[in-house]
Each structure stands twice: as structure tokens, then as C-alpha cells.
Amino acid sequence: MEKIVSLCKRRGFLFQSSEIYGGVQGCWDYGPLGVELKRNLKEAWWQDMIAGHNELLKPDTAPSNFEMVGLDCTIIMHPQVWKCSGHYDLFHDHMVDCKESKKRYRFDQVRGRWVEYQDRKIFVSTLADVETEFDDVRRRGMKFFRLRNKDADKITVGEESITLDKLDSTSEVLAPDAKNLDTLTEPREFNLMFKTTLGALGGEDDATFLRPETAQGIFVNFKNVLDSSRVRVPFGIGQIGKSFRNEITPRNFTFRSREFEQMEIEFFCHPDQSQEWYRYWRDRRLNWYVALGLSSDSLIMREHDPEELAHYSVGTADIEYAFPFLPEGEYGELEGIAHRGDFDLRSHMEGKLDPSTSPMTVELNEHGKPKYRGSGKDLSYRDEILGEKFVPHVIEPSAGADRGVLAFLCEAFTEDEAPDEKGKMQTRTVMRLHPRIAPIKAAVFPLVKKDGMPEVAREIYGNLKQHMTVFYDEKGAVGRRYRRQDEAGTPFCITVDTETLENQTVTLRDRDSLEQSRIHINDLATELQTRIDAV
Ligand code: ATP
């Protein structure tokens, strides 16, 4: 992971936000390569799920034909949205404060191990990453028991790494930044939404929140979309946009950020067909990641246990990836696919529903009045053909663009052996990104900076630039220029040499196979596009 993080900074994929001022935890900027990679991933999603979807052709595994449309909603919405959606009351994590260090941690995420010395057993927690966690626990355990290096074998460090929430309340815990035991408070609820105020004179009534998910914009526009386009159920609405969560312990590079982008679909269907649609989206979304290059060995589909599900939901599955910063055998969520029943539309219609009752009733306050009033708008659907009116059920495939980028970066990072310009085998770092998402599709080099080669190469560069992202480089030995493009994930390199001047052909080198072929300059754009589309 360290190598990936360092490559990301060195080559301009990702930088810490406001780095010159010491950075902001949980906020990341995408550099020149990163921004192209992320745009390509979002565009692939939009093309494959929304714009390129052919509603006249039923995909093989789909229960029927369906339409897909897009939306782009605001980040700041009416405060009532978050009350009716449940986020105002329920969107929280448990945190603990350290009385000694004054730091705050997420209860279910801080890891540690049992450390035993003589007859004493304490739990030592740490924020170190998976590779250094064991050593950090041992080091701090030794410090706590005042042991020297030569006594290292006198303490026992537990095999298993566990999180704080798995301990019972009598455990003696050394907090991650503390010197003394038992400095952590009891866990408390902490709402993850960023609060903000509308208008200059805003009081408490004008308080609202930065959206913690893009989904609610889709639900509150359901009627607008129905009335303004000719969609019929079943259909889906997709949206890509920023979301904000005040995560207590942002960590693991961009995996848990405070500002991030989501790619979400709300798919509206008839209640009787919802199970079939749930299975359809679950399988389709998993296949999408594999088609774009994530190895199926590193991906799992984790169906939530029945006790994990909200009672209105008949199923939720997470697509999870074996991120290298996680312990062996653990996976991190890339995307969740949830069957949400009619919970969201009904809540925005009638008021916040009580998810613990079945059938769901509107949640009441202590005076027996609705706790939060809904919009009062009719968000049901009338099916003219069936002659039936119903509140559609919703399947929600909700993906994170930043977690997607991170997974593709981790998957792409490879070190292999390749000959240098003198034919000597050298370790090369190569980002094996799928050509569709690679930031630069092709790099153009003149073999040497003379004999008219730069002029030809610059012309090729200018022409290709009309079709795709290309990069021009004439500095240094050509072998070194190849290496730089390998690290950037560029799938193709084009070299102008003496033969080019004679017969208008160039060398086209493939990043992965290292094969070189000769292509006529006039055929380059078509050849590159064919190769990009062929994978
Ligand atoms: P987690 O359990 O990891 O906090 P979640 O279950 O709360 O995630 P959802 O609310 O289902 O996540 O959000 C949908 C998707 O949005 C996630 O699968 C993930 O890809 C992305 N996402 C959620 N929170 C973050 C975050 N803090 N940073 C980056 N991406 C995020």
C-alpha cells in the first residue's frame, strides 16, 4: 500500500487537500492523472448504466425492458428531506473520546490486540496500518510494562486483531495515543452530517446539511421526472455527485473520506417484481467491476444476514474488494445494492416512517403527532396498462467513485521484469489500468530530438488529441520515457523513428504484452480506438 500511495503522489494521481498548510484529514485532491482516471470511471458508469442503456433491448438477465435517465441535484436541500429520510435521527456512528490525548475515535474501527505480561492482560489499540499494526502494539505494550528490547520475548501479543466494539466493558484498554489505561469515554452517538446555515441571518430554523448521499435528490424528484419525461415503471434514475460525511476516523487513503463522490441509481419497479430486479442489479453491478478490470478473486458479494436488514428490506448485498490495507481475508465495501421497498417514497409522502413496525406507520412524537411531516405530495404511480396504482419499490445500487478509483489503482499496481534500453532485465512498475479508464490512452515520442522526428511526432500528437487523451514526450532515453508511461498506466506508446521518415509507419508498443508493431500514421486513431474497445 505504501508503494501505491507514494506512486499516487509522485505521478500526480492524488494529493492531500491543502497539503501546504498541513493537510485536512479525510479530504483528497486528484492531480492531473487522477482527475482523468476518475472522470473516465464516472463516464464509464454513466455510459454503461444511463446514457448508453438501450431501453428497447431487454438485457438477457433482466425481467423486462426498462428505461434509465439521469439527474443532477443540489448538495444543499430542504432540511425536511433529512428528517423524513431518517438521516437526522439515525445517521450516526459511535465514537469514543480519549480523556488523556483529547482525540476522538470511531468505536467500531480502532483495532488492537491483547498483550500479556506476567499475570496481566491489557488491550493495546493502535491506528497503525495493517502491516505495522503488530509491531506497534508490541512496542507500545513493552513501553507500558516498562520493558527493554532484550525482554521482548517476555510479553505475548495476541494473534487476532480486533476492534474496540468487540471488547467487553471490563477490558483494560490502552487508547491509541494514550500512555495510561482506561482513558476512553463510553461510546456516544455522533451524527455524520455536516451542518450548515442557509442565508446570512440564518437561525436554528435555517440550519440544513450537506447531503450525505445523492439518493434523496432522486426520491424527492421522482414525480418531476415522471411528469416531465415519458418514463414508465420499471425505470431507473442515476446521479453522480459529491456527498459529505463527517467521518470520525477518516483513514486508509481515500477509502473513508469526508468529501467524496457517489454514483447512485434508484430503480423503481412494481412490488411483485422487486426481488427479480434486486437480483438483476446485484449481478449486473458485480460484473461491471470485473469487465473494467477488477479481478474476480479479489471481489466478493456479501449478502447481509437477515438480522442486519431493516425490516422493510428483503435484501442488501455489498460488493467488497480485498483492499491491500486490510488484514488478509478481510474486504472493504465498494458498493451496496439495497432493496429499499417503498420506504423512501412513502416517507417523503407521509412523514418519517417507523422502520420497526410492519406495516410501517408514521413515527409519532411524544404528543402523538407525526414526528416529521412528509411533503403531502402523492408519490405513487398509476400504471395505465395494468389499471393499478401503487407506490413503487426501489432497488438502490450505490457506488463510491473514489473507492472505485482506489480499488482500480490497487488492482493495477504491478511490478514485473522488463528489458531496459540495453536489454538488461529491470524491475518495472506498471499500472495495468483498463484502457477505458487509463488517464492517458497513448504517448507519442520522437526516437531522437533531431532529423525532423519531433515535427512528425508533434503532428501525430495534435491529430490524436482530437480523439483521445494523449501525451507528448521528447525528453531523455526512450526506454525511460516508456517506464514513465508504464507508471502512469498508459496502455500504448507510439514512437517516431527513421523508418517513419521513409514509409510513414510508427512503432506501437503495448504496455502489458510489450509487443511492438508497425502501424501507418493514417491508421493510428482507428487502430488505437479498436484496441481500447476490444479489451
Ligand atoms: P461504510 O460502511 O464503509 O461507511 P456505508 O455502508 O455507510 O459505507 P453507503 O451509505 O452504502 O456506505 O454508501 C454507498 C457507497 O458510497 C459506499 O459503498 C462507498 O463506496 C461510498 N462511501 C460511503 N462513505 C464513504 C466515505 N466516507 N468515503 C468514500 N466513499 C464512501
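Compute the whole-percent fraction of alpha carbon pairs in segment 228-350 spaced more than 17 Å apart.
So the pairs more than 17 Å apart make up 67 percent of the total in segment 228-350.
For segment 440-534, what is the relative contact order in percent, using Cα pairs closer than 8 Å and at least 6 residues apart in sequence?
28 percent
If packing is taken as the average count of other Cβ atoms within 10 Å, what order do 294-301, 162-169 fall into, highest mean first?
294-301, 162-169
How long are the semi-axes of the equivalent ellipsoid of the chain, defined as square roots of 5 times the Cα gyration tensor eigenvalues? Whole Å, largest first.
Semi-axes from the Cα gyration tensor: 44, 37, 20 Å.
Please express the shape of segment 34-175 as an equivalent ellipsoid: the semi-axes are the square roots of 5 times the eigenvalues of the C-alpha gyration tensor, given largest first in whole angstrom.
49, 22, 15
Only counting other Cβ atoms within 10 Å, I'd like 366, 487 sorted with the fewest neighbours first.
Lowest to highest Cβ neighbour count: 366, 487.
Considering every pair of different Cα atoms, what Kirkwood radius, in Å, is found for segment 145-219?
17.9 Å
Expressed in nm to one decimal, what extension gain is obtained for the pair residue 101 and residue 165 from 0.36 nm per residue of sequence separation less their Cα-Cα distance?
21.1 nm
Two decimals is fine: what is log10 I(q)/I(0) at q = 0.21 Å⁻¹ for segment 440-534, from a Debye sum with one equal scatterer on every Cα and no solvent?
Once normalised to I(0) and log-transformed, intensities are -1.03.
Return 73, 84, 8 ranked ascending by Cβ neighbour count within 10 Å, so the fewest neighbours appear first.
73, 8, 84
Give the distance, in whole Å, between the Cα centre of segment 356-425 and the Cα centre of segment 474-535.
Answer, in whole Å: 40.
Work out the FRET efficiency for residue 25 and residue 204 from their Cβ-Cβ distance, taking R0 = 30 Å, and round it to the nearest 0.05.
0.60
How big is the Kirkwood radius of segment 56-103, worked out from every pair of different alpha carbons and given in Å to one decimal?
After inverting the mean inverse Cα-Cα distance, the result is 16.0 Å.
Just the number: Rg to Rh for segment 91-133, Cα atoms, Kirkwood Rh, two decimals.
Radius of gyration over Kirkwood radius for segment 91-133 works out to 1.05.
Describe numerically, in nm with one decimal, the distance between label points set 7 Å from Cα along Cα→Cβ at residue 480 and at residue 182.
So the two model labels end up 6.2 nm from each other.
Excluding residue 331 itself, calculate the net charge of residues whose Cβ lies under 9 Å from the Cβ of residue 331, where each Lys or Arg counts +1 and each Asp or Glu counts -1.
Local charge sum for residue 331: -3.
Within a Cβ distance under 11 Å of residue 55, other residues only, what is the Lys/Arg minus Asp/Glu net charge?
Once all neighbours under 11 Å are counted, the net charge is +2.
Taking +1 at the Cβ of each Lys and Arg and -1 at the Cβ of each Asp and Glu, which of 520, 472, 504 sits farthest along the dipole of the chain towards its positive end, judged by Cα position relative to the Cα centre?
Value: 472.
Could you list, in their original order, any pairs among 58/352; 179/242; 422/450; 38/450; 242/441; 99/242 whose Cα atoms are separated by more than 30 Å?
The pairs that break the limit, which is 30 Å between Cα atoms, are 58/352; 179/242; 38/450; 99/242.
Just want the ordering: 123, 268, 145, from fewest to most Cβ atoms lying within 10 Å of their own Cβ.
Ordered from fewest to most neighbouring Cβ atoms within 10 Å, 123, 268, 145 come out as 145, 123, 268.
Relative contact order for the chain: what percent, with Cα pairs under 8 Å and sequence separation of 6 or more?
Over the chain, the number comes to 13 percent.
R0 = 35 Å: FRET efficiency of residue 197 with residue 5, Cβ-based, nearest 0.05?
Once the sixth-power term is evaluated, E becomes 0.45.
Quick one: Kirkwood hydrodynamic radius for segment 94-190, alpha-carbon pairs, angstrom, one decimal?
Taking the inverse mean of 1/r over all distinct Cα pairs, segment 94-190 comes out at 13.5 Å.
Relative contact order for segment 94-190: what is it in percent, counting Cα pairs under 8 Å that are at least 6 residues apart?
41 percent
Hey, what number do you get for the chain at 222 nm if only DSSP H runs of n ≥ 4 count, each worth -39500 (n - 2.57), divided across all residues, to the nearest 500?
-7500 deg cm²/dmol
Taking every alpha carbon pair in segment 10-100, what does the distance histogram look like in 10 angstrom bins from 0, in percent?
12, 19, 27, 30, 9, 2, 0
FYI, it's all coordinate maths here, none of it is from the lab. The model shown is predicted, which means the values in this text are computed figures rather than measured ones. In this analysis, Cβ positions are derived from the backbone assuming ideal geometry, glycine residues included, and neighbour counts consider all displayed protein chains.
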